[in-house]
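A short write-up of the structure that comes next.
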Amino acid sequence: MKHWFGNALRGACMGAADVIPGVSGGTVALILGIYPRLVGAVGSVGPAMLRRIRRRSFRSLVKEGFRDPGRLGDTSDGVMGGHVLLLASVVAGMVPAIAVGAQTLPPLLSGHPEQMRGLFLGLVAASVTVPARQIRRLSVRRWMLAAGAAGAAVWFVGLPEPLTRHAGGIVTLEFGEPVAGEVRLTPRNLTLTAPGEGGRPDIEYGPRTSLTVPAGAAKVEVEVVARMAGGAANLPPGSIRRWKGPAELSSALQPSALTGGRDPSLAYVFLGGALAISAMVLPGISGSFVLLLLGLYHFVIHSLALALRHGDSGAAVVVVTMLGAMAAGLLTFSRILKHLFAKWRGATLAVLVGLMIGSLRKLWPFVDHAADGRAVMTLPGAGDSEVVTVGLMFCAGVAAVLLLDAIGRRHVPAGETGRDGT
């Protein structure tokens, strides 16, 4: 039982990671030493597993294996029973972690973006060593595969988030007193909030592009855009009542309605869910980031909160559609990945290493935004007070990986890592 409880904790870590754009649950599975087993278990889901589950003798074997994994043995039923128990324990930890993480992590990402990115940068950077040391033979071909995957990931994570379904409008910001020096407002450091009514989730807005407020200015007009797609962000005048930014604001005047938000179709949600779960399986490629690029991340998080807190039927349909898409995508892509590991383990690991290295671009803490919304990496200014806290969070991320890796290696069954193939 202790063994499977440990897998549930691993699943919880993966679920929390999957909520964060830029961090992959597959990366956490690699760190914790269950990635190849998990891919194999998911890849085994199908008619054969369902037929076995219907047999009383197989269910009895699974119950015995839950109490003592050694009783499963190495027969076909024993292997399949191990897959069932691994999946059940990981899902038992992952589902509540996603539900809780969807409520708690987005506010942290919004309120402390640089520090949180510093933490995730440390986590992913240190995690690269996990699949890298499993590659027993380095060759020119594998170096080329890793370099190609890294280049593709750098390009992919640099794409701007589409805003075609996001509501927007003009808001006038008034400062408590004229600003002493230039103030840079970016989509990340300025948050304008429309509080939800009746306990419903708040809706956040930010500048469409970065802009500089000149020294001596007492107010500035800002074109804002909702951080989530959908019609829920179409709000009447005066809806924005809270704000947080790099300069002290006395008010945020919203004289006109915020309009233009459109709900994505359920077909689009299904496609996004299938693509996102396929990415979640890969270390280095965040499924949440895929949803972000498709303009679905905040919409799905908002729908999940409405379904859980208020039993909203429309939001529940969105959540069920997403879950169905994730199940279909997971069962399809895991079989492909299982085949790749079986035939070309070394080459597959090289590609995973490249994907993880390339994904680091998305996690760089200091960014600005171009006119098209694309994030541009920058260096922190001299004397920037956030450098110290970001550095500390980076070190905390590295330390967490070293600790989790040590725990994962201690509990990986003998022969788990194996030799890489061709």
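The values are calculated or read from the model by the stated rules, or taken from the named source; none is laboratory data. Everything numeric here is computed off the predicted structure, so don't read it as measured data. Backbone-built Cβ (ideal geometry, glycine too); neighbour counts: all protein chains shown. Ligands, DNA and RNA are stripped out before the accessible areas are found, and what is left, the full protein with its side chains, is counted by its heavy atoms. Shrake-Rupley method; radii C 1.70, N 1.55, O 1.52, S 1.80 Å.
Data overview
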read-out	value
Residue in the stretch 112-122 that is farther than 23 Å from Val367 by Cα and open to solvent by less than 30 Å² (accessible area, probe 1.4 Å) present	no
Identity of the residue in the stretch 239-259, open to solvent by less than 70 Å² (accessible area, probe 1.4 Å) and outside any loop (DSSP other than H, G, I, E, B), that ends up modelled with the highest pLDDT	Leu258
Tabulated pairs, the stretch 81-103, first in contact (Cβ under 8 Å) with a residue 12 or more places away in the chain, second acidic (Asp, Glu), C-beta under 9 angstrom, 6+ apart or interchain	Gly81/Glu64; Met94/Asp18; Ala97/Asp18; Ile98/Asp18; Gly101/Asp18
Residues within the stretch 125-145 that are under 20 Å from the mean Cα position of the chain (by Cα) and surrounded by fewer than 17 Cβ atoms within 10 Å (Cβ to Cβ), tallied	0
Residue within the stretch 191-198 that is more than 25 Å from Thr378 (Cα to Cα), modelled with pLDDT under 90 and touching a His at 6+ places or on another chain (Cβ under 6 Å) present	no
Scan of the stretch 284-339 for residues that are part of a helix (DSSP H, G or I), open to solvent by less than 50 Å² (accessible area, probe 1.4 Å) and among the charged types (D, E, K, R), ordered by number	none
Residue list for the stretch 350-376, restricted to those being in a strand (DSSP E or B) and either touching a Cys at 6+ places or on another chain (Cβ under 9 Å) or at pLDDT 80 or above (or both)	none
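Yes/no matrix, rows are residues, columns are (1) under 32 Å from the mean Cα position of the chain (by Cα); (2) within 19 Å of Phe341 (Cα to Cα); (3) open to solvent by 10 Å² or more (accessible area, probe 1.4 Å):
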position: Ala16; (1), (2), (3): yes, no, yes
position: Gly26; (1), (2), (3): yes, yes, no
position: Tyr35; (1), (2), (3): yes, yes, no
position: Leu38; (1), (2), (3): yes, yes, yes
position: Val45; (1), (2), (3): yes, yes, yes
position: Arg51; (1), (2), (3): no, no, yes
position: Arg56; (1), (2), (3): no, no, yes
position: Arg59; (1), (2), (3): no, no, yes
position: Gly65; (1), (2), (3): no, no, no
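So that you can scan it fast, the table gives a plain yes or no per residue for (1) open to solvent by less than 10 Å² (accessible area, probe 1.4 Å); (2) farther than 22 Å from Glu114 by Cα; (3) part of a strand (DSSP E or B):
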position	(1), (2), (3)
Ala147	no, yes, no
Val154	no, no, no
Thr164	no, yes, no
Pro178	no, yes, no
Arg184	no, no, yes
Thr193	no, no, yes
Pro237	no, yes, no
